[in-house]
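Below is one structure; the comments refer to it alone.
Every number in this text was worked out from the coordinates using simple rules, so none of it is lab data. Please read these numbers as outputs of a predicted model, since none were measured by experiment. Cβ atoms come from the backbone with ideal geometry, glycine included; neighbour counts cover every protein chain shown.
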Amino acid sequence: MDSRRTVSIIGTGAYLPEKVVTNRDLESIVETSDDWIYSRTGMRERRIAAEGQATSDLGAEAARKALADAGIGAEELDLVIVATLSPDMFFPSTACFVQEKIGAKKAYCYDLGAACSGFLYALDTAKNQIASGAVDTALVIGAEKMSAFIDWQDRSTCILFGDGAGAAVLRAGGTGRGVMESVMGSDGSLANLLWTPGGGSRNPISHELVDQRQQYLKMEGREVFKHAVVRMGDAVVQVLEKNGVSADDVKCFIPHQANIRIIDAISKRLGVADRMYTNVEKYANTSSAALAIALDEAVKDGTVQNGDLVALTVFGGGFTWGANLLEWNKP
Ligand code: UT7
């Protein structure tokens with residue numbers, strides 16, 4: 001049990017770009033089919049950002065909704081963390097661009113890189129900053145414009161991802177346990193199974209690199225799938241134990257939305273299929289935004305209500321993974 005300050009989520013928000021791209025639309029871009037995509041992934045459609053819309057634009061929209069939901073102004077924020085693997089630029093941070101857009105003048109701002117696990121890592125980081133007394137109010141955002149970093153000629157990856165953003169406002173205080181303890185892990189020995197190899201300091205941008213399409217996300221899907229099932233399932237078991245809670249006590253399980261078959265395998269292992277939240281059908285895999293969007297939807301549609309225990313779990317490139325428990329206590 002954390003003896004430091006209680007930390008509560010006092011507002012959530014999500015933003016999905018207007019443009020819907022269905023599986024059928026993808027049939028005209030790469031050799032694929034609605035049937036293949038739906039049966040292998042559970043995805044029907046995804047949202048794609050408009051031209052000129054950057055990750056910080058998506059993040060700022062989600063942030064505005066989360067702040068309105070929390071009933072506070074951006075000037076009250078002490079800290080803004082943006083989890084993303086598709087930043088506006090290498091630097092400055094996407095968080096600084098969001099700060100400017102929403103007017104979070106007194107906040108300090110930075111990005112956090114943990115690929116698809118980023119929102120949970122950022123939630124845990126902000127929670128600990130608040131619990132320790134370092135700050136009082138934080139905004140955590142998961143935002144991605146995946147469409148800018150996937151290879152639209154690679155059918156094994158381009159069908160999987162979508163754009164979007166989700167946000168949560170965290171504040172010291174509140175009844176109940178609020179944001180509880182996390183478990184997190186990483187395994188850098190498997191980095192090459194899911195990465196964007198080109199464009200950074202290892203392989204700087206060059207005409208040759210672009211010709212080889214190395215600036216785009218690459219994934220060994222089958223391997224990633226196996227690790228995702230095991231790591232997310234283990235993380236949930238461990239986080240329940242760490243917080244002294246049983247799976248029966250949890251009202252809603254919200255996993256990273258990468259593939260319905262991954263989610264089904266975890267549900268089966270934990271015996272919680274009736275309480276597993278999914279929206280992968282509508283938005284596909286929005287990387288670090290997925291968990292944040294799903295949490296916002298689960299709260300807004302009434303699946304999660306005050307007093308409920310909610311288990312979150314994620315898996316992504318790195319590899320990175322984790323789980324967290326929330327006792328939902330929005331004021
Ligand atoms: O967010 C980070 C975490 N990411 C994930 O968790 C993703 C994990 N992986 C997956 O979700 C799945 O592995 C995929 C959906 C990516 C792929 O499903 P799979 O059942 O593992 O298929 P596969 O990669 O083994 O490919 C099966 C076949 C291959 O053909 P052959 O070699 O059997 O003839 C592929 O070439 O399906 C082919 N294929 C496609 N066919 C139609 C691959 N992509 C497509 C496609 N449309 N889009």
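Simple spin-label estimate for ASP34 and ASN306 gives 4.4 nm between the two label positions (7 Å along the Cα-to-Cβ direction from each Cα). For the chain, averaging the sequence separation of C-alpha pairs within contact (under 8 Å, six or more residues apart) and dividing by the residue count gives a relative contact order of 26 percent.
Reported to the nearest whole Å, the Cα centre-to-centre distance from segment 32-77 to segment 228-255 is 26.
Relative to the dominant Cα principal axis of the chain, helix 260-270 is inclined by about 40°.
Between GLU220 and PHE90, take the C-beta separation as r, use R0 = 25 Å, and let me know the FRET efficiency to the nearest 0.05. Once the sixth-power term is evaluated, E becomes 0.45. Take the alpha carbon gyration tensor of segment 83-147, find the square roots of its eigenvalues, order them as a ≥ b ≥ c, and report rounded if a/c is under 1.5; if not, report prolate when a/b exceeds b/c, else oblate. Taking the square roots of the gyration eigenvalues as a ≥ b ≥ c, segment 83-147 is oblate.
When TYR121, TYR110 are sorted by how many other C-beta atoms sit within 10 angstrom of their C-beta, beginning with the fewest, the order is TYR110, TYR121.
This ranking places CYS96, CYS116 by how few other beta-carbon atoms lie within 10 Å of each, fewest first, which gives CYS96, CYS116.
The sum of -39500 (n - 2.57) across all DSSP H runs of n ≥ 4, divided by the residue count of the chain, sets its helix-only mean residue ellipticity at 222 nm to -10000 deg cm²/dmol. Sort segment 223-314 into rounded, prolate or oblate with this rule: let a ≥ b ≥ c be the square roots of the eigenvalues of the Cα gyration tensor; rounded if a/c is under 1.5, and if a/c is not under 1.5, prolate when a/b is larger than b/c, oblate otherwise. Oblate. Under the criterion of Cα pairs below 8 Å and six or more residues apart, the relative contact order for segment 1-142 equals 27 percent.
Cross-link list LYS105/LYS145; LYS106/LYS127; LYS101/LYS242: which exceed 29 angstrom alpha carbon to alpha carbon?
Where the Cα-Cα span goes over 29 Å, the pairs concerned are LYS101/LYS242.
Charge dipole of segment 15-140 (Cα centre as origin; +1 on each Lys and Arg Cβ, -1 on each Asp and Glu Cβ, all else neutral): 180 debye, rounded to the nearest 20.
Quick one: of the DSSP bridges fully inside segment 57-143, what percent are antiparallel, nearest 5?
0
Note on the chain: antiparallel DSSP beta bridges, both residues inside, total approximately 70 percent of the bridges counted.
Counting alpha carbon pairs within less than 8 Å and at least 6 residues apart, what relative contact order, in whole percent, applies to segment 229-331?
Relative contact order for segment 229-331 comes out at 36 percent.
Of THR22, THR12, the sequence from fewest to most neighbouring Cβ atoms within 10 angstrom is THR22, THR12. Between helix 221-242 and the chain, what is the angle of the helix's C-alpha long axis to the longest principal axis, kept within 0 to 90° and rounded to the nearest 10? Value to nearest ten degrees: 10.
In the chain, the longest principal axis of the Cα atoms and the axis of helix 118-131 are about 20 degrees apart.
Stretching ASP187 away from LYS101 to a fully extended chain increases their span by 27.4 nm, per 0.36 nm per residue minus the current alpha-carbon distance.
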